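Down below is the structure, laid out as C-alpha cells.
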Amino acid sequence: MKLKGVKIERCESLMSKLWGFMFSLSRKKAKVFVFKEERNVGVHMLFVFMSLFVVWLDSRKRVVDFRLMLPFFSYYSERAKYIVEIPYSRKNAKIFRKLKKGMKIEF
C-alpha cells in the first residue's frame, strides 16, 4: 500500500524524534520516524493537540500494529523500526481503514 496524497517528513535525528507533533498545530504532513534497528518504541500524546493515526512498521516496512491516538491521553508501545504518524482527517481515515497487520507500506 502506498500512502497516496500524504506528504511525508522523515525524522531521523534524535531531536526530531523527541519533538514529533508536540506543540504543533500543523496537519499538512505525516511524520516517519526512522530507527537504526527494530526495537520497542513507545508513542505518547502528551502536549499533542490533535488526534493521530500511528502505524508501527518492522524492518521490511510491514504493519506490526496501528492505532488512532487521542490528544494528551494516549500511550502505546510496540516493536518497530519505523513509525508513521498521520494527522487525523477524513481523507487520512480512508487510508487508515484499509490497513491490516502484515501489509507492506511504501513511502
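Here are a few things to note about the model shown:
- Burial ranking of peptide ranges 84-90, 73-79, 31-37 (average Cβ count within 10 Å, highest at the top): 84-90, 31-37, 73-79
- Label-point gap, in nm, between Ser26 and Arg10 - each point 7 angstrom along Cα→Cβ: 1.7 nm
- Modelled spin labels at Val34 and Arg60, positioned 7 Å past Cα toward Cβ, are 2.1 nm from each other.
- A crude spin-label estimate for the pair Ser89 and Met50, with each label 7 Å from Cα along the Cβ direction, gives 0.7 nm.
- Pairs of alpha carbons in segment 7-97 whose separation is greater than 17 Å (percent): 44 percent
- Cβ charges +1 (Lys, Arg) and -1 (Asp, Glu), total dipole of segment 7-107, debye: 540 debye
- Set Lys28/Lys101; Lys17/Lys100; Lys28/Lys94 screened for pairs whose C-alpha atoms are more than 20 Å apart: Lys28/Lys101; Lys17/Lys100
A short reminder: the numbers here are calculations on the coordinates, not readings from a lab. None of the values given here were measured: they were computed from a predicted structure. Using ideal geometry, Cβ is built from the backbone for each residue, glycine included, and neighbour counts are taken over all protein chains shown.
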